[in-house]
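Computed from the coordinates by the stated procedures, all read-outs in this text should not be read as laboratory data. Nothing here was measured: the structure is a model prediction, and the numbers come from that model. Please note: Cβ atoms are built from the backbone with ideal geometry, for glycine as well, and neighbour counts cover all protein chains shown.
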Amino acid sequence: MHELTLVQSMITKISESAAIQGIQHISRINLVNGKFSGANTEALLLAFSLFKDIPLFKNAALEIEEPEIIAMCNSCHKEFIVEAYLFRCAYCSQNNVKIASGQELYINYYEGE
Ligand SMILES: [Zn+2]
C-alpha cells in the first residue's frame with residue numbers, strides 16, 4: 001500500500017521534529033492531501049491507525065484536508081476547479097489545460113506537548 005509508505009514517512013518526520021522540540025505526546029496532526037495527489041484519504045487514515053501503539057502517537061487525531069484540483073487553461077488562461085477528473089476548461093471547453101494545484105501532500109501542522 002502506497003499510503004503506508006507515506007504515513008511511515010510522516011511518522012518519521014513528526015517524530016524527529018517532536019524530539020527536537022521536547023514534545024512527548026502528539027494530540028493532532030493536520031495533513032493536506034490534494035484530490036489529485038494519488039493518495040487515498042481513507043487508506044491514509046487506515047495506515048495511520050497501525051502506528052497508534054507508538055507512545056508519541058497514542059492520542060493523536062489525524063485530520064486530513066482535501067483541496068480541490070485547480071487547473072489552468074492554456075488557451076484562455078483562466079483557472080477553474082476540476083470536477084469528476086474532467087480536465088476540460090470550464091470557460092472555453094478546450095482540453096489544453098495544466099494542473100495548478102491539487103497534487104500536494106504535506107503535513108500542514110501538528111500539535112502536542
Ligand atoms: Zn479555457
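Please return the ranges of strands (runs of 3 or more DSSP E) entirely within segment 69-113 where 3 or more residues are away from the ligand (no atom under 11 Å from the Cβ).
97-101, 105-112
Every residue in segment 1-34 that is of a type outside the set (A, V, I, L, M, F, W, C), touching a helix residue (DSSP H, G or I) at 6+ places or on another chain (Cβ under 9 Å) and closer than 20 Å to I69 by Cβ, please. Give the steps one after another, and end with the answer.
So the first thing to find is which residues in segment 1-34 are of a type outside the set (A, V, I, L, M, F, W, C), and the list is 2-3, 5, 8-9, 12-13, 15-17, 21-22, 24-25, 27-28, 30, 33-34.
Cutting the leftovers down to touching a helix residue (DSSP H, G or I) at 6+ places or on another chain (Cβ under 9 Å) gives us 2-3, 5, 8, 15, 24-25, 33.
Passing the criteria: H2, E3, N33.
Does F48 meet the test of being within 29 Å of L4 (Cβ to Cβ) and either of a type outside the set (F, W, Y) or within 15 Å of the chain's Cα centre (by Cα) (or both)? Working first, answer last.
Values: within 29 Å of L4 (Cβ to Cβ): yes; either of a type outside the set (F, W, Y) or within 15 Å of the chain's Cα centre (by Cα) (or both): yes.
Against the criterion (within 29 Å of L4 (Cβ to Cβ) and either of a type outside the set (F, W, Y) or within 15 Å of the chain's Cα centre (by Cα) (or both)), F48 qualifies.
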statement: Within segment 16-52, the count of residues that are assigned to a helix (DSSP H, G or I) and in contact with a strand residue (DSSP E or B) (Cβ under 9 Å, 6 or more places away or on another chain) comes to 8
- prompt: So G38 clears everything in (1) surrounded by fewer than 15 Cβ atoms within 10 Å (Cβ to Cβ); (2) within 16 Å of the ligand (Cβ to nearest atom); (3) under 17 Å from the mean Cα position of the chain (by Cα) except one condition, right? Which one?
  reply: (2)
message: I need every pair where a residue in segment 75-88 that is under 13 Å from S101 (Cα atoms) has its Cβ under 7 Å from the Cβ of a residue that is within 13 Å of the ligand (Cβ to nearest atom) and among the aromatic types (F, W, Y), sequence separation at least 6 or different chains.
response: F80/Y91
